[in-house]
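First the structure, in the form of structure tokens, and then the observations on it.
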Amino acid sequence: MKNYLLLTKALSDANRVRILKLLEEQELCVCQIIAVIGNAPSTVSKHLSILRNAGLVEGRKDGRWVYYRLPNRRENQAVQPILRWTRESVNDDHLIVNDRRKLAEILKINPSELCRKLLP
């Protein structure tokens, strides 16, 4: 029951679903996620914490920065149907389409430079 509640809580916020959609294609630095979503760093960190606790994202630290990705399919098979459902359900939503456009522009910026601009 606890895992079910963690998963449903994680999916109950539009910004968390947007983050999952951003991570479908590649690993992203927290700063890149902040730049697309447009929330404060602390808010994005809270969203990522909820997603991580539910097993929907994994993070790795690289120096000063943290990068997030969707979990490996072989290692975390329990969340794969949920990620597949999310991938298929909101693909054409206007927020998701806009986020993809923003991300394409943000990926042109060096992540370290972007992080220096967004984080103290």
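Taken together, the values in this text are just the output of simple stated rules run on the coordinates, not laboratory data. Quick caveat: nothing in here was measured; it's all calculated off a predicted structure. Using ideal geometry, Cβ is built from the backbone for each residue, glycine included, and neighbour counts are taken over all protein chains shown.
Here are a few things to note about the model shown:
- FRET efficiency, Asp13 to Leu107 (Cβ-Cβ, R0 41 Å, nearest 0.05): 0.95
- Of the trypsin sites (Lys or Arg not before Pro) in the stretch 7-108, those whose Cβ has at most 12 other Cβ within 10 Å and which sit in DSSP loop: Arg64, Arg73, Arg74, Lys108
- Rounded tilt (10° steps) of 41-53 against the dominant C-alpha axis of the chain: 30 degrees
- Simple spin-label estimate for Glu27 and Ser89 in nanometres, 7 Å along Cα-Cβ: 2.8 nm
- Cα centroid separation, the stretch 78-101 to the stretch 6-39 (Å): 10 Å
- Candidates per GluC sites (Glu not before Pro) in the stretch 66-120, loop by DSSP, up to 11 other Cβ within 10 Å: Glu75
- Here the residues Val30, Val57, ranked from fewest to most Cβ neighbours within 10 Å of their Cβ, fall in the order Val30, Val57.
- Rounded FRET efficiency, nearest 0.05, which uses the C-beta distance separating Met1 from Asn98 and R0 of 30 Å: 0.25
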